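Shown next, in structure tokens, is the structure this report addresses.
The values are calculated or read from the model by the stated rules, or taken from the named source; none is laboratory data. As the structure is a computational prediction, the values presented were derived from the model and not from experiment. With ideal geometry, Cβ positions are generated from the backbone for all residues, glycine too; neighbour counts draw on all protein chains shown.
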Amino acid sequence: MDQLPELAFYGLPGAPKSPADLLTECRDGEALGFGSVFLSERFNIKEVVTLSGAAAAVTRTMGITTGVTNHNTRHPIVTASYATTMHRLTGGRFALGLGRGMDRMFDAYGLPRITTAQMEDVAGLMRRLWRGEVVVGHDGPAGKWPVLALDTEFDEDIPLLVSAFGPQSLKLAGRAFDAVLLHTFFTDETLQRCAATVRDSAERAGRDPNAVRVWSCLAVIGDWLPADVRLKKTVGRMATYLQAYGDLMVRTNGWDPAVLAAFRADPFVAGFRGALDGKATTSELEHVATLIPDEWLAAAGTGTPEQCAAEVLRQMDLGADSVILHGAAPDELAPVVEAYRRIRPSGRFDHLSANPGR
């Protein structure tokens, strides 16, 4: 089946019971024609280095990226070595994706908070190490190291991807990264503005504004899924985002902050421990649904396979180069992919690589 380089899926969506599920998902995704798989990281059974190696072992054509990991959880030599290993293991199908993470979690774990300057510093270090440089006496925003080196014979071209929310991260993507991952539940206006910010920043940095690949992350929750599953993937997911970085979500989309304040003040939400999409029951999520406006959940692919497919294509009409079908495993997404193939514009995406960072 022809590959669709403009489409990707997330491995192990939600709260999986076993990381071994990824093996089947990758086989199914490649068979359906997905161009790439994004691997998010949670500190439980979703350690991304292990998962990406597993994804590489069971695929032959599909791109693989960390979507995303954090640079502050590993020494830069470990991260650079990991990326080089994946790059060669996959024959160039790997992209290293980095993100800012959550301040409160890093505070709790005793890790430094990630800044825009640190991510730019790390991007520069990765590229120098992959080119075979020996970095002596580095003292920058990301840290201070006497010597950093991999192999002086290296000359690796490994794409770098960054997840971005706010204007500073978006500008960073444009000037220093090869691809950018936008967030789920972005409104039309937000998607257009973010894509424009990335491309404008690239141009100001003397780069081709179309060389930075913009990934939209679209929640796809078709009506063929059970009602309780749809509730978890819409209300539960949005509620978890609001738990983690609600102020940023609201500010980015221009939503009413009073709604977020009411959500946080709700006795059930305020007293809940853990991620709502992972631990809340159906009845509890039905209550949470009363706290979240329908328009906040509207930026998603819902309805029939044909309606979901049309929304996928519309994301690219709004300014994205590619779309992650988020929140569902490939077997759940098969009806959308089949419907999408029927409306896919011939030749429009021929320039895209399976590597999600190219």
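The residue pairs whose first member lies in the stretch 143-167 and is in the same structural domain as Val68 (by TED's automatic domain parsing) and part of a strand (DSSP E or B), whose second member is surrounded by 11 or more Cβ atoms within 10 Å (Cβ to Cβ) and acidic (Asp, Glu), and whose beta carbons are closer than 7 Å, counting only pairs six or more residues apart or on different chains, are Leu160/Asp178; Leu161/Asp178.
Counting only residues that are more than 18 Å from Leu12 (Cβ to Cβ) and not hydroxyl-bearing (Ser, Thr, Tyr), give me the helices (runs of 4 or more DSSP H) lying completely in the stretch 42-141 with at least 1 of them.
Passing ranges, in order: 76-89, 103-109, 116-130.
Any residue at all in the stretch 190-198 that's out of contact with any Lys or Arg (no Cβ under 7 Å at 6 or more places or on another chain), charged (D, E, K, R) and touching a residue at least 24 places away in the same chain (Cβ under 8 Å)? Checked the stretch 190-198: no residue is out of contact with any Lys or Arg (no Cβ under 7 Å at 6 or more places or on another chain), charged (D, E, K, R) and touching a residue at least 24 places away in the same chain (Cβ under 8 Å). For Met102, the conditions (1) surrounded by 14 or more Cβ atoms within 10 Å (Cβ to Cβ); (2) at pLDDT 95 or above all hold with the exception of (2).
Residue pairs whose Cβ atoms lie under 6 Å apart, sitting 6 or more positions apart in sequence or on different chains, and linking a residue in the stretch 251-268 that is in contact (Cβ under 8 Å) with a residue 60 or more places away in the chain to a partner that is outside any helix (DSSP H, G or I) and of a type outside the set (Gly, Ala, Ser), are Thr252/Phe165; Asn253/Thr187. The criterion of at least 2 residues that are touching a Lys or Arg at 6+ places or on another chain (Cβ under 9 Å) is met, among helices (runs of 4 or more DSSP H) falling completely within the stretch 272-343, by 276-279, 282-289, 305-317. Screening Val162, Val229, Val220, Val134 for residues that are at pLDDT below 95 and among the β-branched types (Val, Ile, Thr) leaves exactly one candidate, Val229.
When Arg314 is tested against the conditions (1) buried (at least 20 other Cβ atoms within 10 Å of the Cβ); (2) of a type in the set (D, E, K, R); (3) within 24 Å of Leu191 (Cα to Cα), the lone failure is (1). Please tell me if Gly137 is touching a Lys or Arg at 6+ places or on another chain (Cβ under 9 Å), without any contact (Cβ under 8 Å) to a residue 12 or more places away in the chain, over 27 Å from Cys217 (Cβ atoms) and not basic (Lys, Arg). Against the criterion (touching a Lys or Arg at 6+ places or on another chain (Cβ under 9 Å), without any contact (Cβ under 8 Å) to a residue 12 or more places away in the chain, over 27 Å from Cys217 (Cβ atoms) and not basic (Lys, Arg)), Gly137 qualifies.
For Thr197, the conditions (1) farther than 25 Å from Ala117 by Cα; (2) touching a helix residue (DSSP H, G or I) at 6+ places or on another chain (Cβ under 7 Å) all hold with the exception of (1).
One residue stands out among those in the stretch 151-192 that are crowded, with 17+ Cβ neighbours inside 10 Å and among the charged types (D, E, K, R): the one that is farthest from Asp247 (Cα to Cα), which is Glu156. Among residues of the stretch 19-41 that are farther than 12 Å from Ala55 by Cβ, those with a beta-carbon under 8 Å from a residue that is polar (S, T, N, Q) and surrounded by fewer than 19 Cβ atoms within 10 Å (Cβ to Cβ) at least six positions away or on a different chain give the pairs Gly33/Gln3; Gly35/Gln3. Are any of the residues in the stretch 281-304 among the hydroxyl-bearing types (Ser, Thr, Tyr), modelled with pLDDT of 95 or more and in contact with a strand residue (DSSP E or B) (Cβ under 8 Å, 6 or more places away or on another chain)? So far as the stretch 281-304 goes, yes, one or more of its residues are among the hydroxyl-bearing types (Ser, Thr, Tyr), modelled with pLDDT of 95 or more and in contact with a strand residue (DSSP E or B) (Cβ under 8 Å, 6 or more places away or on another chain).
Taking first residues from the stretch 287-298 that are under 14 Å from Ala265 (Cβ atoms) and partners that are part of a loop (DSSP other than H, G, I, E, B), the Cβ contacts under 7 Å between residues at least 6 apart in sequence or on separate chains come to Val288/Ala280; Leu291/Asp266.
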